[in-house]
Structures are given as structure tokens and as C-alpha cells.
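Heads up, the thing below is written out as C-alpha cells.
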Amino acid sequence: MSEINPYQQPQAELVDDNNPPAQPLTILAEPRKISAGDALGWISSGHKMLPGHWGVVLGALVVTVLITSAFQIIPLLGMIAQILATPLLYAGIVKIFHRMETEGTSDFADLFAAFSDRTGPLILMALAQLGVMLLLGIVFGGLGYALGAGGGANTGAMVVLGLLGLVAMFGFVYLFYFTVPLIFLGNKGVGEAMKLSLRGFTRNVIPLIVYLLVTMVIVLVAALPLLLGWLFVMPILAGAYYVSFRQIFVE
């Protein structure tokens, strides 16, 4: 029988009941294979998530852009802060959509959820991203310099190098493309999240490239009227990103 100590101080809850950590999703051991039609359907699915939540999502995206842009004003340290803070803010946007899907509500405060939940792994992921970027820069910069030394670069070799650079670019993008939701919502470690993200790409190369090209066109067209189209397009694409993660990785 337990005894009550009348002099014991009341213990405060460490979890915010109004904004609890996201419950980990069950991630598939092998990413799901999808079609190009499935990929293009993410856009309409992302749009369907937004009614009743446009203000919260748009506000979160605008604040994210303002914060990450403000870091650029600070020399060097600002760039480092931007690299570290960006995945935390992206995780917050992912959580906003997760709450929309699971609870039917949205909360702007979710934008900052990753500053207290899964912060360490997300920062490690940002550092890994920076490391891979620097490594690729050194490798391809060195190869380009070696081929161009003396002004006698072989055209065929430079074309091959350019194609390899394009492949490396896609590989880099998709090595990290899904890591934020895999770490934040899937509770995966950095290495496992990177491996799963890249595996999701290699299983769906054509659908993801088709989707990327289509969204690039949409973003370019939306930029024409003084970038105002982005206010409509970016929330939809943010929703499409969340839907793509769910379809490819979540059980």
C-alpha cells in the first residue's frame, strides 16, 4: 500500500497536453512502388486537405520563408543557423498536415514542434546533408578542374561529367527528400531515414522524376504574376509532399 507524503511538491507534467509529440507512424520495411499517375494524383490530394486550413498552412509557409531568409543576413553564422533550422521548420509543417489528417484540425504552433521533439536527429540529418553536399562539391569540382587544366578539356569527357553530375544531383535530392518525415513522424534514425528515402526513389524513379518536372512547371507558371501564384500553389505542394510520404512509406 503506497503512502502519500503531504510534504511532497506536486510534479508538473513534462508533456504539453495541447501540443503533444507526434505519435510515430508505422513505416514499411520496403517503400511502396507507385505509378506516375499516383504521383500526379498527390497534387489534387494535397489540395483536398486544405479547405478550412488554408490560413494556418499559408501562415506557416510564409513564416518559414521569412525565418530562413532572415538568417541569410548574418554572415557565416546565419548560413549555419539556416541549415540547422530549416529541417526543424519543415518537420513542423509536416506535423501540421499530420494533425489535419488525423484530427481534422490545424494548429500554427505545430510549426515549432520539432524544436522540442526529435530535435537532435533532425539537426544530425542537416549536418549529414551539408557533409554530402561538400563532398560532392569537392569531387566534381576536382574532376572538372582536372579535365579543364591546360585548356585542353575533352568535350566528350565533360559531357560525361555533366551527366554524372545530373545523376548525383537527383541522388542527393532523394537521399534526403523524405528524411524529415521519416525521422519526425516515423521515428527513424538518420542513417535509416536516408537509406529509406533513397530506396523510395530507386523504386519509383520515373514517377518521382515526372512529378518533379510537373511541379517545376507549376511553380514557374505560378511565379509569373509577381510571385502571387505561389501563395496558392505552395500550400498545395506542401500537402502533396505529405501525401507522397504517406503513400510510399506508411503502412
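What follows is calculated from the coordinates using simple rules that are stated; it is not laboratory data. The shown structure was predicted, so the numbers you read here are calculated from the model rather than taken from an experiment. Glycine also receives a Cβ, built like all others from the backbone with ideal geometry; neighbour counts cover every protein chain displayed.
Lysine pair count for the chain with Cα-Cα distance under 21 Å and sequence separation of 8 or more or different chains is 4. How much FRET efficiency would the formula 1/(1 + (r/R0)^6) give for Phe170 and Ile73, where r is the Cβ-Cβ distance and R0 is 30 Å, rounded to 0.05? Given R0 = 30 Å and the Cβ-Cβ separation, E is 0.40.
Between Thr26 and Arg203, the distance separating the two model label sites (each 7 Å from Cα on the Cα→Cβ line) works out to 1.6 nm.
Report note on the peptides 239-248, 38-47: ranked by the mean count of other C-beta atoms within 10 Å, highest first, their order is 239-248, 38-47.
Overall form of the range 135-251: oblate. Here a/c, set by the Cα gyration tensor axes a ≥ b ≥ c, is 1.5 or more, and a/b is not larger than b/c. Of the peptides 198-206, 62-70, the order by per-residue mean of other Cβ atoms within 10 Å, starting with the highest, comes out as 198-206, 62-70.
Dividing the mean sequence gap of close Cα pairs (under 8 Å, 6+ apart) by how many residues the chain holds gives a relative contact order of 37 percent. In this structure the amide hydrogen of Lys188, modeled in the peptide plane, comes within under 5 Å of the amide hydrogens of Ile183, none closer than 5 places in sequence on its chain. Listed options for log10 I(q)/I(0) by the Debye sum over Cα atoms at q = 0.09, 0.14, 0.17, 0.18 Å⁻¹ are (1) -0.48, -1.05, -1.43, -1.55; (2) -0.44, -0.94, -1.23, -1.32; (3) -0.33, -0.84, -1.29, -1.47. The value calculated from this structure is the one marked (1). Angle of helix 230-249 to the longest C-alpha principal axis of the chain, folded into 0 to 90 degrees and rounded to 10: 80°. In order along the range 112-121, the Karplus-derived 3J(HN,Hα) couplings, from 6.51 cos²θ - 1.76 cosθ + 1.60 at θ = phi - 60°, round to 9, 4, 6, 6, 9, 9, 6, 5, x, x Hz, and Gly and Pro are given as x.
Each Lys and Arg contributes +1 and each Asp and Glu -1, all at the Cβ; summed about the Cα centre of the range 36-249, the dipole is approximately 280 debye. Against the chain, whose longest principal axis is taken from its Cα atoms, helix 54-71 shows a tilt of about 60°. Distances between placed amide hydrogens fall under 5 Å for Val250 paired with Leu28, all partners being 5 or more residues away or on another chain. Placing R0 at 35 angstrom, the Cβ-Cβ distance between Leu127 and Val219 gives a FRET efficiency of 0.80 after rounding to 0.05.
Estimated at 0.36 nm per residue, the fully extended path between Leu228 and Phe140 surpasses their Cα-Cα distance by 28.0 nm.
Rounded to the nearest 500, the helix-only mean residue ellipticity at 222 nm of the chain stands at -22500 deg cm²/dmol, with each DSSP H run of n ≥ 4 adding -39,500 (n - 2.57).
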